[in-house]
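Worksheet: one structure, shown below.
Each value in this text was obtained by applying a stated rule to the coordinates, not by laboratory testing. Remember, predicted model here, so these are calculated numbers, not experimental data. Don't worry about glycine lacking a Cβ; one is built from the backbone with ideal geometry, like all the others, and counts go over all protein chains shown.
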Amino acid sequence: MADPRFFTRAGPFRLGDLALIGRATLHADADPDRSFADVAPLDAAEADQISFLDNKKYVDVFSGSRAGACVVHPSLADRAPAGMALLLSDHPYRSYALIAQAFYPRPVSNPGVAPTATVAPTAKVDPTAQIGPGVVIGDRAEIGARCLIEPNAVIGDGVVIGDDTVIGANASLSHCILGKRIKIYPGVRIGQDGFGFAIDPAGHVKVPQLGRVIIHDDVEVGANTTIDRGAGPDTVIGRGCMIDNLVQIGHNVEIGQGSVIVAQAGVAGSSKLADFVVLAAQAGIAGHLKIGAGARIAAQSGVMRDVGPGEEVGGAPAMPIRQFWRMQARLSKLLNEQKGR
C-alpha cells in the first residue's frame, strides 16, 4: 500500500469496473462484483488488492502471489494460482497503469494565488489555477484552467501554459508555449539561450537566440532537464513525448510525437527526430542529423550520422545494433584467445 502521507487513494472499486477502466477482459471465473481496495506488487499483494504481470521473468512470483486479482496476458492465464481473479489484456502494463490511475488520481488543485506569489498585472491566470508560494509570473504570461504552478517556479514574460498543466517547484520557463496536460518536473529549464556563437580567436561572438520552445499536449519533462529555445526556428517537442531527468535538448531541435528520451541523453542543435524514436540513457545525437520514425538508439551510443526509420543502432560511433554486438563478441573472443596463450 502506498504511504498515505504522500498519496491519496480512491476506491474501493468493483472488479468489473476495473476491467473497463483498464480496457481488459474479465476471465470467465472472475466475479465482477468483487471489491478491491488498492494496487500492489505481485510479491506483496493481498486478497483485496490487484497486481499485474508483464514480464515472463516473474511468472513464478505470479504463480505464488496472494493477490486477489491480476492483470495478465491471456497466454499466461494458466499459471495463475487458485482463487486469483484475472483481467486479461494484450497490454498488461498499460492496463495496470490505467487501473492505478483510478486508485491514485491526480490531486485536485486548490484554486488561488498564494500570498507570497508575484503575478504581473498584465498576466492572465485562470481562476481555477493554483499558484504556489514564491511563484513569479511575468508580464503577459497566460496560465490555463486547473493548472498547478508549484512553489518558487518562474514563468517568464509572454509564456503561455495550457489547461491542466503542472509546473514543478523551482522550474523556470521563458520564451515558450506549452499545450495541455503537460507535466514539468522540478528544476526544469525551458527556453533559455541556445548554445550558439561564432568562433573567433579574438573572442567568441554570441548569436542572438530568437526562436521559441513549443511543447505540444500530453508531454512530460523530467527533473533538471533543459530545453533550449531556437536560434530562429523554434525548438519543438511533439505530442505525447516522455522525457526523463537530466536530458539536454539543444536549439532548433524537433522531436516527433510519442518519442521517449531517457536520462542523461542529449540532442545537439538542429537535429530532427521523427515520431516514436527512443533514445536510451546517455545516448548522444550530434547536430544537424535526422533520426527516422521508430528508430531506437541504445544506451551510451554516439550518433554521428543520420539513422533511418526503424533502425536500431548502438556504440560510439553508432552502428547497426547487430553489427555492434558482433563486434563486441569478436573482441571478447580475441581477448580470451590472448589470455590462453
Roughly how big is the chain's charge dipole about its Cα centre, with Cβ charges of +1 (Lys, Arg) and -1 (Asp, Glu), in debye to the nearest 20? 980 debye
Other-chain or far-sequence residues with amide H under 5 Å of residue 252's (modelled H): 230, 231, 235, 270
Among 223, 22, 263, whose Cα lies farthest out toward the positive end of the dipole of the chain, if unit charges sit on the beta carbon of Lys, Arg (+1) and Asp, Glu (-1)? 263
Could you line up 339, 290 from fewest to most neighbouring Cβ atoms inside 10 Å? 339, 290
Just one of (i) 1.06; (ii) 1.08; (iii) 0.97 is Rg/Rh (Cα atoms, Kirkwood Rh) calculated from these coordinates, so which is it? (i)
Given the C-alpha centroids of segment 222-268 and segment 299-341, what is the distance between them in whole angstrom? 26 Å
Given the candidates 190, 145, 119, the one whose Cα lies deepest towards the positive end of the charge dipole of the chain, counting +1 at each Lys or Arg C-beta and -1 at each Asp or Glu C-beta, is 190
Under 19 Å Cα-Cα from residue 56, which aspartates and glutamates qualify once same-chain neighbours fewer than 8 residues away are excluded? 43, 78, 90
Sorted by chain and number, the residues with a modelled amide H under 5 Å from that of residue 308, at a separation of 5 or more or across chains, are 292
Would you work out the relative contact order for segment 187-341, in percent, from Cα pairs under 8 angstrom that are 6 or more residues apart? 12 percent
Determine ³J(HN,Hα), in whole Hz, for all residues of segment 220-227 in sequence, where each value follows from phi through the Karplus function 6.51 cos²θ - 1.76 cosθ + 1.60 and θ = phi - 60°; x replaces Gly and Pro. 10, 10, x, 4, 6, 7, 10, 10
